[in-house]
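Participant: Sharing a structure here in structure tokens format.
The values are calculated or read from the model by the stated rules, or taken from the named source; none is laboratory data. Note that this is a predicted model, so its numbers are computed, not measured. With ideal geometry, Cβ positions are generated from the backbone for all residues, glycine too; neighbour counts draw on all protein chains shown. We work out accessible area using only protein heavy atoms, side chains counted, and drop any ligands, DNA or RNA first. Shrake-Rupley method; radii C 1.70, N 1.55, O 1.52, S 1.80 Å.
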Amino acid sequence: QASSLFWRSFSHSSSRNAFGIAFDIDGVLIRGNSPIGGSPQALNKLYHPEGSLKVPYCFLTNGGGVRESKRAIELSKLFGVGVSSSQVLHGHSPFKQLAHKFENDFVVAVGKGEPAAVMSEYGFKDVISIDDYTLCFDNIDPLAPQKKWTVNGSSEPSPELKKYVRSQKVQAVFVVSDSVDWSRDIQVLCDILRTGGLPGGEIGSQPPLYFAHDDLKYQGAFPTERFGIGAFRISLQSVFNSIHPHPLQYSAVGKPNPLAFKNAETTLRKLYNHMIANQDCGGISPFETLYMIGDNPSVDIKGAQEAGRPWFSILTRTGVFRGKENDQEYPADMVVDTVEDAVDFILDKEN
Ligand code: G3P
Ligand code: MG
């Protein structure tokens, strides 16, 4: 299917060179909860018949909201392959590298799923979800009586917890995954970011604010792209900057941040070392090529380009990108229709 492949210059590597693959998830392997682009077949090609791994690969997604161990089980079921938690890199996974900095600080975790459980697993010892935090203050969300839904897993906090939360200054905020209730979260985060969250408290310096990623949009089950954390960030920033003398300070740790690609490389190196009879190449990358297969030019392709060699970017047409040739702003090294086309190309080239 030569016509479906768009190919930019890239030097061929010898067949014996080591390589690894990082897969984006939304818009490449799944849409909503359904596999797309022959993804189960594509992933199965990376295993020996008895089920052991033939090619080091990982998932490098900006999605998340659940612990990597839980996601590994979900992905294993979805694709019919054995995925280990070490192969799952969520947008929020780099927060683990910040745990030592905020280990005993009181921090708030925002987003769908189980954001506080994710942060606890990373080593944060005093973390509360924004759902539980909000329940500790009466009338904090004036629209709450109009909201008919119930919050998953949250129950009326104990008097002790309420007392503790009401007396603590929040030291940092981590947006782990998509905010479920933008109006409440923008309201409550503006309080926290201006005063540390103490009701009626003095306006002081803004606590650090970290986002798992800054994706404006992503491809879900709906035909048109949906807003991601980046859209929530713009909304929060717009309101915050309208009421605060200093502009919002924040950082985002997922793709296209080079840190995310560095972590993927480290993960793939460890897998590779394990696969070649537990040999350790130390910190030196054994890879001639690392393939990033993504659907979002400004996130997956931009990130791979900025990470530099040995990254080689492959753009699929199953998600955010739907063009005939290549993206104008962030052209990939190669464009294919589906993830299965990408894996076929890689295996053909490397074997
Ligand atoms: O919310 C997830 C979305 O922004 C991107 O996920 O797998 O395309 O990086 P993914
Ligand atoms: Mg994607």
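Participant: Just give me the residues in region 204-238 being under 25 Å from ALA144 (Cα atoms), away from ligand 2 (no atom under 16 Å from the Cβ) and open to solvent by 50 Å² or more (accessible area, probe 1.4 Å), in sequence order.
Facilitator: Selection gives ILE234, SER238.
Participant: Can you find a residue in region 329-344 that is open to solvent by 50 Å² or more (accessible area, probe 1.4 Å) and under 30 Å from GLN171 (Cβ atoms)?
Facilitator: Taking every residue of region 329-344 in turn, none turns out to be open to solvent by 50 Å² or more (accessible area, probe 1.4 Å) and under 30 Å from GLN171 (Cβ atoms).
Participant: Right, here's the next one. With respect to GLN249, is the statement that it is over 25 Å from LYS147 (Cα atoms), open to solvent by less than 50 Å² (accessible area, probe 1.4 Å) and in a loop (DSSP other than H, G, I, E, B) true?
Facilitator: No.
Participant: Continuing with the same structure: Of all residues in region 177-218, how many are within 16 Å of ligand 1 (Cβ to nearest atom) and within 16 Å of GLY254 (Cβ to Cβ)?
Facilitator: 12
Participant: Are any residues in region 30-54 open to solvent by 20 Å² or more (accessible area, probe 1.4 Å), more than 17 Å from LEU268 (Cβ to Cβ) and not in a loop (DSSP other than H, G, I, E, B), and if so, which ones?
Facilitator: Result: ARG31, SER34, PRO35, PRO40, GLN41, ASN44.
Conditions tested, residue by residue: (1) more than 22 Å from ALA109 (Cβ to Cβ); (2) over 19 Å from the mean Cα position of the chain (by Cα).
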| site | (1), (2) |
| --- | --- |
| THR195 | no, yes |
| PRO199 | no, yes |
| ILE203 | yes, yes |
| LYS217 | yes, no |
| ALA221 | yes, no |
| GLU225 | yes, no |
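Participant: May I ask you to verify whether VAL107 is modelled with pLDDT of 95 or more, under 26 Å from VAL173 (Cα atoms) and within 16 Å of ligand 1 (Cβ to nearest atom)?
Facilitator: No: the conditions fail for VAL107.
Participant: When you scan region 105-119, do you find a residue that is open to solvent by 60 Å² or more (accessible area, probe 1.4 Å), touching a residue at least 40 places away in the same chain (Cβ under 8 Å) and either of a type in the set (S, T, N, Q) or away from ligand 2 (no atom under 16 Å from the Cβ) (or both), even just one?
Facilitator: Yes, some residue in region 105-119 is open to solvent by 60 Å² or more (accessible area, probe 1.4 Å), touching a residue at least 40 places away in the same chain (Cβ under 8 Å) and either of a type in the set (S, T, N, Q) or away from ligand 2 (no atom under 16 Å from the Cβ) (or both).
Participant: If I filter region 27-44 for residues that are more than 26 Å from VAL320 (Cα to Cα), away from ligand 2 (no atom under 16 Å from the Cβ) and out of contact with any strand residue (DSSP E or B) (no Cβ under 9 Å at 6 or more places or on another chain), do I get at least one hit?
Facilitator: no
Participant: Do you know which residues across region 45-80 are within 16 Å of ligand 2 (Cβ to nearest atom) and charged (D, E, K, R)?
Facilitator: ARG71
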